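Working notes for the structure below.
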Amino acid sequence: MIPFSVLDLAPVTEGSTPTQAFANMLDLARWTEQLGYTRYWLAEHHNMPGIASAATAVLIGHVAGGTSRIRVGAGGIMLPNHAPLQVAEQFGTLASLYPGRIDLGLGRAPGTDQPTARALRRYHDGAETFPRDVRELLALFEPAVPGQAVRAVPGAGVEVPVWLLGSSLFSAQLSAALGLPFAFASHFAPDAMDEALLLYRRDFKPSARLSKPHAVLGVNVVAAESDQEARRLFTTQQQSFINLRRGRPGLIPPPIDNIESYAAPAERYSVDHALACAVVGSADTVREGLAAFIERHRPDELMLTANIFDHAKRKRSFELAMQACESFVVKA
């Protein structure tokens, strides 16, 4: 039995606005809290019209303030875009406002394109110093000592669980060396998943933060009343990925009846490969698919994401997924 959690990007659909996306985000967080999901994470992205979670820490505070039990966090903050002190202060503040409910996941990608990474100022210098910056950030969360010149206020001595996120072996190795929980982005980059899990678990060194490995895997889950309906809803995610690969990211599109008519075979192959960790179908299909995924990869937790155009159907998807998997899910 493992926990199920939620990854959200505050999607902005065609015909909608960020204001509506944020209302949907909070509504979904309250709904998944009611259903028994363990965490609700938001991811930092920039210069992407269909993703409104750029000011990630601000949205985490909004979601935490509008819910009561579910853990809320970043999946993740792209640390090279920020000074470690700023992140420590932001998440020290959040954890002081909502004790025991805030998670901080850290990534080393820019979360955007190269021109925007340059506009963020820090990324090209910070990416190479990611391990040093992680250690600096962890130290800022430790209790301050006499004579310490720089303190995170608030932040020093505040309990903030720190996770490392990645889609390669790099963060798996660093998570293991530092004794931190690890989340792998298998929902869009599954290639190194098995090797990263093996390396992380094999080389994990217990720390004051974590006594044994804890690995989270991302998986796309689209559940509906029938397999056919779920496959149609999934075309929203497929179109979004194809548009991104074409260099034309935009608002989240409505589903279509035939994805084959939208993309060339080579595009379909590329997107199908990127979205290989996806379970799409009715409740029975989702139950069987997730059970097989868990049996094969043995994650300690699953992070479900669902890029569905219609908000009510997105909520229903998370409901069906939890109902289908109640026999092997630990509810919060």
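Assorted remarks:
- Euclidean distance between Cα centres, region 27-86 to region 257-296, Å: 25 Å
- If you look at the Cα atoms of the chain, you get an Rg and a Dmax of 19.2, 66 Å.
- Just so you know, the Rg over Rh for region 1-160 is 0.99, from Cα atoms, with Rh as the Kirkwood radius.
- Seen from residue 92, the other residues with C-beta closer than 12 Å to its C-beta sum to a net charge of -2, counting Lys and Arg as +1 and Asp and Glu as -1.
- Taking 14 Å as the straight-line reach from the Cα of residue 315, the aspartates and glutamates in range (excluding those fewer than 8 positions away in the same chain) are 8, 27, 33, 225.
- Semi-axes of the equivalent ellipsoid for region 217-332, Cα gyration tensor, largest first, Å: 25, 16, 12
- Per-selection metrics, region 182-246 (Cα): Rg and Dmax in Å: 16.7, 48
- The local environment of residue 284, defined by Cβ-Cβ distances under 13 Å, has a net charge of -2 under the rule Lys, Arg +1 and Asp, Glu -1.
- Placing unit charges on the Cβ atoms only, positive for Lys and Arg and negative for Asp and Glu, gives the chain a dipole magnitude near 600 debye about its Cα centre.
Rule-based calculations on the coordinates, nothing more; no lab input. Predicted, not measured: the structure shown is a model, and the values here were computed from it. Heads up, the Cβs are rebuilt from the backbone with ideal geometry, glycines too, and the neighbour counts pull from every protein chain shown.
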